[in-house]
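Read-outs throughout are calculated quantities, based only on the coordinates presented, and are distinct from any laboratory measurement. Predicted model, so just to flag it, every value in this text is computed and none were measured. In this analysis, Cβ positions are derived from the backbone assuming ideal geometry, glycine residues included, and neighbour counts consider all displayed protein chains.
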């Protein structure tokens with residue numbers, strides 16, 4: 001009982017810390033504030049097209065964008081998607097997104113916390129789940145919880161894309177307090193590898209790793225290989241023949257990314 005109570009308190013404290021952090025950094029609703037980097041405008045011109053180019057086809061599909069922010073990606077997603085559900089847990093931020101992208105009639109703007117038990121999304125209702133810098137603002141337990149929700153929400157054959165800052169901070173914005181979790185990539189790899197979902201007939205589904213790589217714009221502009229993204233597909237457990245090989249190769253690559261990032265930092 002005591003352990004469970006402590007876990008609840010910790011979860012409440014985690015969400016409070018993250019909400020306070022982003023309330024502070026959302027006073028200026030700019031690209032610089034959202035990316036926490038003074039060079040954000042220049043980076044965005046190169047990085048955003050790169051990220052979008054990595055996505056599987058979502059033309060005419062339903063896209064769930066978690067941590068949508070002021071809409072850096074929302075408008076672009078709406079140009080191709082049949083429907084976009086843009087979600088963020090800071091009200092002023094999602095309202096700014098709506099003011100920028102509200103002319104796209106296929107976007108629904110939702111203020112909600114992805115960890116909230118009150119958040120209701122139908123199982124297998126989404127073709128693509130897209131998140132950019134979301135999981136690093138969740139505790140370890142919350143990441144595992146949200147990963148389990150994602151595999152339920154996405155359709156069989158649908159995709160999950162997420163991108164995180166790993167190892168250490170990448171933006172140059174000064175921060176009084178920084179509750180961000182700069183994890184080793186293998187944590188995310190393990191969390192999603194262990195996800196399973198079941199349908200009413202008892203069929204088992206898991207996530208097949210399609211890609212795991214660093215964002216080239218950060219390598220070229222900041223000599224930073226710690227911006228890493230994953231692309232996963234929901235498949236029947238019996239269909240993913242190369243599952244273990246793909247996940248093992250991802251683990252090897254992330255070790256290589258870390259070794260190279262240390263080398264680049266020492267060379268600066």
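Evaluate E = 1/(1 + (r/R0)^6) for residue 168 and residue 123, where r is the Cβ-Cβ distance and R0 equals 30 Å; express this FRET efficiency to the nearest 0.05. Intermediate results must be reported in sequence, preceding the final value.
On the way: r = 37 Å, r/R0 = 1.22.
Plugging the Cβ-Cβ distance into 1/(1 + (r/R0)^6) gives 0.25.
Label reach from residue 92 (point 7 Å along Cα→C-beta): in region 33-65, amide nitrogens under 18 Å belong to 33-37. Put in order of Cβ neighbour count within 10 Å, fewest first, the listed residues 232, 209, 119 become 119, 209, 232.
Label separation (residue 111 vs residue 211): 3.5 nm, computed from points 7 Å beyond Cα along the C-beta direction.
Centre-to-centre separation between the Cα atoms of region 140-158 and those of region 56-89: 17 Å. When the alpha-carbon atoms of region 2-267 are used, the pair Rg, Dmax equals 18.0, 56 angstrom.
What's the exposure ranking of 127, 37, going from fewest to most Cβ atoms within 10 Å? All intermediate terms of the calculation are to be shown ahead of the outcome.
Numbers: 127 22, 37 19.
Ordered from fewest to most neighbouring Cβ atoms within 10 Å, 127, 37 come out as 37, 127.
Listed by Cβ neighbour count within 10 Å, with the fewest neighbours leading, 152, 234, 59 appear as 59, 152, 234. Each label point was placed 7 Å from the Cα along the Cα-to-Cβ direction; for residue 201 and residue 239 their separation is 1.2 nm.
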